[in-house]
Amino acid sequence: MFTGTYTAIVTPFRDGEIDEPALERLIKKQIKAGIDGIVPVGTTGESPTLSYEEHIQVIELAVKFAGGRTKVLAGSGGNSTHEAIYLTEHAERVGADGSLQVAPYYNKPTQEGLFAHFREVARHTRLPIMLYSIPGRCGIEIGIDTVQRLVRECKNIIGIKEAGGNPDRVSQLRAALGPKFEILSGDDALILPFMALGAQGVISVASNVIPREIVKMVQAAAEARPKAALRIHEQNYRLVKDLFIETNPVPIKAAMAMMGQIREEYRLPLVPLGAKNRDMLRRSMKECGLLK
């Protein structure tokens with residue numbers, strides 16, 4: 001259902017507002033590059049600083065601009081169960097293909113709390129749900145046992161975006177949940193080791209600027225062509241690392257602005273990329289042929 005390359009699309013701003021024309025151009029570019037889907041208003045889409053209305057607006061625009069040509073896996077999680085339900089119900093109403101549900105952040109629930117949270121969200125939607133475990137941001141990991149319990153009880157929980165930086169988690173999840181459970185890498189630099197252990201693709205930040213390359217690499221890995229996949233990985237490794245030189249999505253938005261795709265605009269507390277890191281990112285982009 002959700003396998004291959006999904007782009008965690010940025011939310012472009014202009015003078016403090018959602019830049020709708022820019023978002024449309026970005027999504028069209030992604031479709032042309034052959035991606036399998038987009039993920040609006042995830043971490044890369046600056047979801048924590050969007051109002052409820054803006055959050056829903058971006059999902060609705062993504063569905064509209066995708067026009068059925070690529071899947072829309074809507075970021076509709078939250079650290080409040082009520083908020084996650086509200087956003088997910090709206091995502092379903094406007095036509096999203098699925099929901100990406102991040103672990104509640106800051107309040108650090110127990111595993112029992114995580115189970116109750118995701119179960120309650122799943123009960124309020126018919127959308128297929130992909131869990132999102134990213135302990136570096138949330139301070140908690142969705143435990144393997146918790147994922148098992150959720151999958152047993154909630155038929156619409158079908159996969160997980162695994163962004164803990166530990167390839168062994170892929171093996172643990174695959175052993176516990178079998179071959180049908182969908183696992184996507186949440187780390188661009190770890191796509192190949194994750195897929196070698198059973199992941200079926202990626203939700204990528206880097207594919208905002210190099211979508212064709214990420215698509216080709218994921219396809220090569222899925223088709224058991226490791227040399228071809230490794231070649232693409234090596235060609236783009238420095239760029240991928242530098243896209244996380246500061247907090248995501250600051251570097252990716254800076255890169256896209258350098259390429260003339262969007263205005264470089266963030267919402268506080270995010271601030272523009274520092275001068276030294278900007279020079280480093282620019283050099284990486286030149287090496288990859290993204291800039292002259």
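Of the peptides 251-257, 218-224, how do they stack up when ordered by the mean number of other Cβ atoms within 10 Å, highest first?
Result, highest mean first: 251-257, 218-224.
Find out how many positive minus negative residues lie around residue 32, taking Lys and Arg as positive, Asp and Glu as negative, among other residues whose Cβ is under 10 Å from that of residue 32. Don't jump to the answer; show the numbers that get you there.
Working: positive: 28, 29, 69, 212; negative: none.
So the environment of residue 32 carries a net charge of +4.
Let me know the Kirkwood hydrodynamic radius for the chain, please, with Cα pairs as the basis and the value in Å to one decimal.
Here the Kirkwood hydrodynamic radius works out to 18.9 Å.
With the Cα gyration tensor of the range 251-292 giving a ≥ b ≥ c as the square roots of its eigenvalues, does the rule (a/c under 1.5 for rounded; else a/b larger than b/c for prolate; else oblate) give rounded, prolate or oblate?
Judged from the Cα gyration tensor, the range 251-292 comes out oblate (a/c at least 1.5, b/c at or above a/b).
Send over the Kirkwood Rh of the range 30-148, from the inverse of the averaged 1/r over different Cα pairs, rounded to one decimal Å. All intermediate terms of the calculation are to be shown ahead of the outcome.
Working: mean 1/r = 0.0694 Å⁻¹.
Answer for the range 30-148: a Kirkwood hydrodynamic radius of 14.4 Å.
Sketch the reach of a paramagnetic label on residue 196 as a point 7 Å from Cα along Cα-to-Cβ, and name the residues of the range 223-242 whose backbone nitrogen lies under 13 Å away.
Under cut-off, by backbone N: 225-231, 233-234.
Once every Cα of the range 190-292 carries one equal point scatterer and solvent is ignored, give the base-10 log of I(q)/I(0) from the Debye formula at q = 0.13, 0.16, 0.20 Å⁻¹, two decimals.
Results for the range 190-292 at q = 0.13, 0.16, 0.20 Å⁻¹ read -0.48, -0.70, -0.98.
I'd like the accessible area for residue 82, computed on protein heavy atoms only with a 1.4 Å probe and all protein chains in place. Round to 10 Å², please.
About 140 Å², ignoring ligands and nucleic acids.
Measuring from label point to label point, each 7 Å out along Cα→Cβ, what is the residue 119 to residue 223 span in nm?
Inter-label distance under the simple model: 4.4 nm.
Give 227/286; 29/286; 64/276 a once-over and call out the pairs whose C-alpha atoms are over 31 Å from each other. Provide the component values of the computation, followed by the final result.
Numbers: 227/286 24 Å; 29/286 20 Å; 64/276 39 Å.
The pairs that break the limit, which is 31 Å between Cα atoms, are 64/276.
Which FRET efficiency value, to the nearest 0.05, do you get for residue 271 and residue 291 by plugging their Cβ-Cβ distance into 1/(1 + (r/R0)^6) with R0 = 30 Å? Display every interim value, and only then the final one.
Details: r = 22 Å, r/R0 = 0.74.
With a Förster radius of 30 Å, E is 0.85.
The values are calculated or read from the model by the stated rules, or taken from the named source; none is laboratory data. Remember, predicted model here, so these are calculated numbers, not experimental data. Quick reminder, even Gly has a Cβ in these numbers, built from the backbone with ideal geometry, and neighbours come from all protein chains shown. The accessibility values were calculated without ligands, DNA or RNA, using every heavy atom of the protein model including side chains. Shrake-Rupley method; radii C 1.70, N 1.55, O 1.52, S 1.80 Å.
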